[in-house]
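Trainee: Mind having a look at this structure? Questions to follow.
The values are calculated or read from the model by the stated rules, or taken from the named source; none is laboratory data. Owing to the predicted nature of the structure, the values given are computational and were not obtained by experimental measurement. A quick note on method: Cβ atoms are made from the backbone with ideal geometry, for glycine too, and the neighbour counts reach across all protein chains shown. Ligands, DNA and RNA are stripped out before the accessible areas are found, and what is left, the full protein with its side chains, is counted by its heavy atoms. Shrake-Rupley method; radii C 1.70, N 1.55, O 1.52, S 1.80 Å.
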Amino acid sequence: MSEPVIYIDGEFVPRSQASLPLYDHGYLYGDGVFEGVRVYNGRVFRMDPHLERLLFSARALGFHIQNLSLEKLQQAVLETCRRNGHANGYIRITLSRGTGLGLDPAHIENNPRLVISTQELRLYSNELYEKGLTMVTCAIRVPPPDTIDPRIKCTGKYANNILAKMEANRVGAGEGLMLNQQGHVAEATGDNLFVLHKGTIYTPPPSAGCLKGVTRQAAMELAGEMGVPVREENLTLYDVYTCDECFLTGTAAEIIPAVELDRRTLGDGTPGEVTRRLIAAFRAHTARTGTPVE
């Protein structure tokens, strides 16, 4: 099999030769934005919402993206998949502000650097989708929205999520749950959280500090099609501890049940009926939708 290629600013480079300038602002300061996208059976799942969020994040951070259009991003993603024969797996898209030493964007070369790569990625074993995740509440909190808006998917911001994931790892938990400064539930370290209470699904609003996830939106739409109401509300740990069902959503995780938090059993301790139906509906949805690579 030929070596995979990486897209870097309009050029396709063999993975073994791919490199960035030493003073790339994303590398130096985490001054970049990114997206993870899935491709299923040769179809890129919800590509446009991901790419639009990338551009919105870049605009919110003041990147000079006048020469970067949605159409250019679409073509670059699809061509990267074609060249790598990437019909199933993960696509990583990263955009840094530019190149230069020093924090001040006025003193650097403000030409955003676009990098696209493809990779196989699986966060959890098949067993966990059948039995459910255990979770622990992390001491690390999400940044307040008056420091950086949670709708911005910024590389530097994820240092917090990494520290929280390390917390969960230390106690052998499958995932860590993060709160905001007010003690409301925000998100897991890499996923959005949903709970079922008496027939209604609840999830934190973006204002609580969670990313407005693309898979999150898909799950909300699929639940509506199933006749299960979904509400965005501030949640506390009490709401999670006492839920009937719990599940997480994310591009890499897809939809996965959670059955324990802080050594408290969630629901009856097994993936619930609504969660299982949603997982099945999501898999059917990804099998028939998306932008064709070829």
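Listed here are the residues, each with its yes/no results for (1) farther than 18 Å from Ala18 by Cα; (2) of a type outside the set (Gly, Ala, Ser); (3) at pLDDT below 95.
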| site | (1), (2), (3) |
| --- | --- |
| Ser96 | no, no, no |
| Gly100 | yes, no, no |
| Ile108 | yes, yes, no |
| Arg113 | no, yes, no |
| Thr118 | no, yes, no |
| Asn126 | yes, yes, yes |
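Trainee: Tell me, which strands (runs of 3 or more DSSP E) lie completely within the range 1-79 with 1 or more residues that are free of Cβ contacts under 8 Å to residues at least 60 places away in the same chain, open to solvent by 20 Å² or more (accessible area, probe 1.4 Å) and under 12 Å from Arg113 (Cβ atoms)?
Mentor: Correct list: 11-14.
Trainee: Looking at the range 146-156, can you tell me whether even one residue there is assigned to a loop (DSSP other than H, G, I, E, B), modelled with pLDDT of 95 or more and either in contact with a Pro (Cβ under 8 Å, 6 or more places away or on another chain) or over 25 Å from Gly62 (Cα atoms) (or both)?
Mentor: Checked the range 146-156: no residue is assigned to a loop (DSSP other than H, G, I, E, B), modelled with pLDDT of 95 or more and either in contact with a Pro (Cβ under 8 Å, 6 or more places away or on another chain) or over 25 Å from Gly62 (Cα atoms) (or both).
Trainee: Additional query: Here's a check for you: in the range 266-288, which residue that is out of contact with any strand residue (DSSP E or B) (no Cβ under 7 Å at 6 or more places or on another chain) and either surrounded by 17 or more Cβ atoms within 10 Å (Cβ to Cβ) or among the polar types (S, T, N, Q) (or both) is nearest to Ala76 (Cα to Cα)?
Mentor: Ranking the qualifying residues of the range 266-288, first place goes to His285.
Trainee: Follow-up question, since we're still on this one. Collect the residues in the range 192-211 that are surrounded by fewer than 18 Cβ atoms within 10 Å (Cβ to Cβ) and at pLDDT 95 or above, keeping them in residue-number order.
Mentor: His197, Lys198, Gly199, Thr200, Pro205
Trainee: For the range 183-200, give me each residue that is of a type in the set (A, V, I, L, M, F, W, C) and not in a strand (DSSP E or B). Give the derivation first.
Mentor: Just the residues of the range 183-200 that are of a type in the set (A, V, I, L, M, F, W, C), to begin with: 185-186, 188, 193-196.
Correct list: empty.
Trainee: Would you confirm, using the coordinates I've provided, whether Ala168 is of a type outside the set (Val, Ile, Thr) and part of a loop (DSSP other than H, G, I, E, B)?
Mentor: no
Trainee: Which ones in the range 111-145 are open to solvent by 40 Å² or more (accessible area, probe 1.4 Å), part of a helix (DSSP H, G or I) and not polar (S, T, N, Q)?
Mentor: Glu127, Leu128, Glu130, Lys131
Trainee: Ok, one more. Please give the number of the condition His107 fails out of (1) touching a Gly at 6+ places or on another chain (Cβ under 7 Å); (2) more than 30 Å from His86 (Cβ to Cβ); (3) free of Cβ contacts under 8 Å to residues at least 40 places away in the same chain; (4) open to solvent by less than 40 Å² (accessible area, probe 1.4 Å).
Mentor: The number of the failed condition is (4).
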